[in-house]
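In what follows, a structure is listed as structure tokens, so that the remarks can point back to it.
None of the figures in this text is laboratory data; all of them are computed from the coordinates on show. The shown structure was predicted, so the numbers you read here are calculated from the model rather than taken from an experiment. Ideal geometry is used to build each Cβ from the backbone, glycine not excepted, and the neighbour counts take in all protein chains shown.
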Amino acid sequence: MRRKLFINSALLIIERFVVLFFSFASALLMARYAGTELFGQFSTIVAFGSLFLVFTQMGLNNVSSKYFTLYPHNSAFYLNASLLVRFIFAVLIIPIAYVLGWLTLTPTDAYLVALLVALQVGNAATVIEFFFIAKQSIIATLVPRVVIKVACKIALLVAIILELPIALWIILTGLEYILLALAYLLLLKRQPPSKQERLNTAPRLQRGARLLLQRGKWLLLSSLAAVLYLKIDQIMLASLVDTQAVAHYAAAAKLSEFWYVLPVLVANVFMPKLVSLYRAQPKLYWQLQRRSYLYSTIAAIIVIALTLWLAEPVVLLLFGEAYHSSILILQIHIFGCLFIFSRAFMSRWLILSNNHKLSLHSHLVGAIVNIVLNAVLIPQYGGVGAAISSVVAYGMASIGFMMFYRSTRTYLATLVKVS
């Protein structure tokens, strides 16, 4: 089991690095050759669109993963119920995204936001990844995912080089979600669940959808608060300063956030193991949690140290002298790794212990802190102020809020006590 978990984690990390390489390459080309204004406009639209991605998930990624693991014979039932909820809300949010974009951005940017959000409907099918992860079948979804993501990134690179309109950049960015959804649904059709699983789905699908919606509501609100404190900085920069400030901040954030996905991927792979150990073997569960915290903290410290040392030459080499102000932003923003890395495993504990409301509270704290600090610091310090706000918000959402609740204080004490 341990060897399989290691292999699955390694495969997902390799995949993420491949995809991030092409994603970073497209951002780099955009930054260097399209100019700060166009890069800033694109970054603002994508950041605004990402606010609505949570409605394609509905807080059901880890909730569904929990049910897939606990009730393997009924996993297809929970999968279909989850897909139903996610696709319905993904479609309903499109006009709301357009109206909010129209109120906040230019009319052209509002249209592009609505276009991106419409294409993001395909993200509802990503719950199928968790279905296969629960079955320890990583390869099934990994291969089509890598092919589609890399192909779309390469197409975006070509569009940037050929100086095609920004609307096409948005289409290529969103097309990835649609193609992935089609690939995942085709995969399910070619590898259908067992007869017993199929019989368990149809009669209770509507009731199952209500059950999952009830279980996921706090995580939905939590995810919405989380994306607010993760992405609101770029939107507020565009509103309070200009799109060039967004470009400088986005360049630094691209380098910093490159590392953020790794602990989430590892935690996703370990989720089935954590579920099985949580009640059956609590001592082993807490040992695994403690090791996860230790290794993630060490990894974060290494990443921070390397970034502080190499920030200036890396930024100037990759983005050019026009992005010199991104250096200090990166050196501040990278400290968020310390909190993001530890948050990944704490989030799984919140789910397993049914502390969904605390997940919401933690992200609300982060969102409120980030918005207030951004409003104060961005007008005076621009992107540097946004970076400071983000790091403080990460810290409050990951560690600071734990001091206010008995259950989270007990959680921290248990981590320290496990030998």
Phi-derived 3J(HN,Hα) across region 391-403 with the Karplus relation (6.51, -1.76, 1.60, θ = phi - 60°), rounded Hz, x for Gly and Pro, is 5, 4, 5, 4, x, 5, 6, 9, 10, x, 5, 5, 6
In nanometres, the difference between 0.36 nm per residue of separation and the alpha-carbon distance of Thr410 and Phe24 is 134.9 nm
Along region 362-379, Karplus-curve 3J(HN,Hα) (6.51, -1.76, 1.60; θ = phi - 60°) to the nearest Hz, with x for Gly and Pro, reads 5, 6, 5, 4, x, 5, 5, 4, 5, 5, 5, 5, 4, 4, 7, 8, 4, x
The farthest towards the positive end of the charge dipole of the chain, of the residues Ile327, His361, Ala245, given +1 on Cβ of Lys and Arg and -1 on Cβ of Asp and Glu, is His361
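Hand me the tally of lysine pairs in the chain: alpha carbons under 13 angstrom apart, and the pair either on different chains or 8 or more positions apart.
Working: Lys4/Lys135; Lys4/Lys273; Lys66/Lys135; Lys66/Lys273; Lys135/Lys273; Lys217/Lys357; Lys231/Lys254; Lys283/Lys417.
Number of lysine pairs found: 8.
With the contact rule set at Cα under 8 Å and sequence spacing of 6 or more, what percent relative contact order holds for the chain? Write down the numbers at each step before the final one.
Numbers: 578 pairs, mean separation 93.3, N = 419.
Computed value for the chain: 22 percent relative contact order.
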Note to self, the chain gives a 222 nm [θ] from helices alone (DSSP H runs n ≥ 4, -39500 (n - 2.57) apiece, / all residues, nearest 500) of -28000 deg cm²/dmol
Taking 0.36 nm per residue of separation between Ala322 and Leu92 and subtracting their Cα-Cα distance, the length gained on full extension comes to 78.7 nm
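What's the FRET efficiency of Gln214 with Trp309 using the Cβ-Cβ distance as r and R₀ = 51 Å, to the nearest 0.05? Intermediate results must be reported in sequence, preceding the final value.
On the way: r = 49 Å, r/R0 = 0.95.
Given R0 = 51 Å and the Cβ-Cβ separation, E is 0.55.
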Length gained, Arg190-Leu294, 0.36 nm per residue minus C-alpha separation, equals 33.3 nm
Residue by residue through region 235-243, the couplings from Karplus 6.51 cos²θ - 1.76 cosθ + 1.60 with θ = phi - 60°, in Hz, x for Gly and Pro, are 5, 5, 4, 5, 6, 8, 10, 6, 5
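Which semi-axis lengths, in whole Å and largest first, follow from the square roots of five times the eigenvalues of the Cα gyration tensor of the chain?
Details: eigenvalues 217, 138, 84 Å².
The answer is 33, 26, 21 Å, longest axis first.
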Longest principal axis of the chain (C-alpha) makes with the long axis of helix 2-29 (C-alpha) an angle, in degrees to the nearest 10, of 20 degrees
Helix 337-352: inclination vs the chain longest Cα principal axis, degrees, rounded to 10, gives 30 degrees
Connecting every pair of Cα atoms under 10 Å apart in the chain and solving the GNM, the largest mean-square fluctuation among Val391, Val227, Val303 falls on Val303
Computed over the chain: longest principal axis from alpha-carbon atoms vs helix 61-70 long axis, angle to nearest 10 degrees, is 20 degrees
